Amino acid sequence: MAARKHDKNDFQARIKKISNPRNTTYYDPNLGAAIPKRVTRKRVRKKNIEDTIISAFLVSMIFGALGILIAQMVRLRFFDVPGPGLGAFVIDLVVGVWVVLMISALP
């Protein structure tokens, strides 16, 4: 299939179609995609970084709380080390970090 030659009239027709105020998009045959002529403010506005930081902080707090809860359950049920002490602290720390890593690795 041979491509037809484009001349000045084709170019002018393309410009006229693009500059038509009723069109919100125009099809660019070179790119093979519809190109928007106007972009809304909502699309241009950048995402608020503070919301992202707050949500990441809350998710990490939930993961940490869940890790500590599961670590204490494992310590009491399997290792039978009740009460405060260095052994309980080490077991809680190791199991808690392992649980948080496993939860955060889930897709």
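We did not get these values from a lab; they are worked out from the coordinates using the rules stated. The structure presented is a predicted model; accordingly, all values stated were derived computationally and were not measured. Neighbour counts run over all protein chains shown; Cβ positions are idealised from the backbone, glycine included.
Consider only pairs whose beta carbons are under 6 Å apart and that are at least six residues apart or on different chains; among these, list those whose first residue lies in segment 51-70 and is free of Cβ contacts under 8 Å to residues at least 24 places away in the same chain and more than 19 Å from GLY96 (Cβ to Cβ) and whose second residue is surrounded by 10 or more Cβ atoms within 10 Å (Cβ to Cβ) and among the polar types (S, T, N, Q). Going by the 6 Å Cβ cut-off, there are no qualifying pairs. For beta carbons closer than 7 Å, sequence separation of 6+ or different chains, a first residue in segment 89-101 that is closer than 13 Å to PHE78 by Cβ and a second that is surrounded by fewer than 18 Cβ atoms within 10 Å (Cβ to Cβ) and of a type in the set (Phe, Trp, Tyr), the qualifying pairs are ILE91/PHE79.
The residue pairs whose first member lies in segment 4-27 and is under 12 Å from ARG38 (Cα atoms), whose second member is outside any loop (DSSP other than H, G, I, E, B) and basic (Lys, Arg), and whose beta carbons are closer than 9 Å, counting only pairs six or more residues apart or on different chains, are ASN23/LYS17; TYR26/ARG14; TYR26/LYS17.
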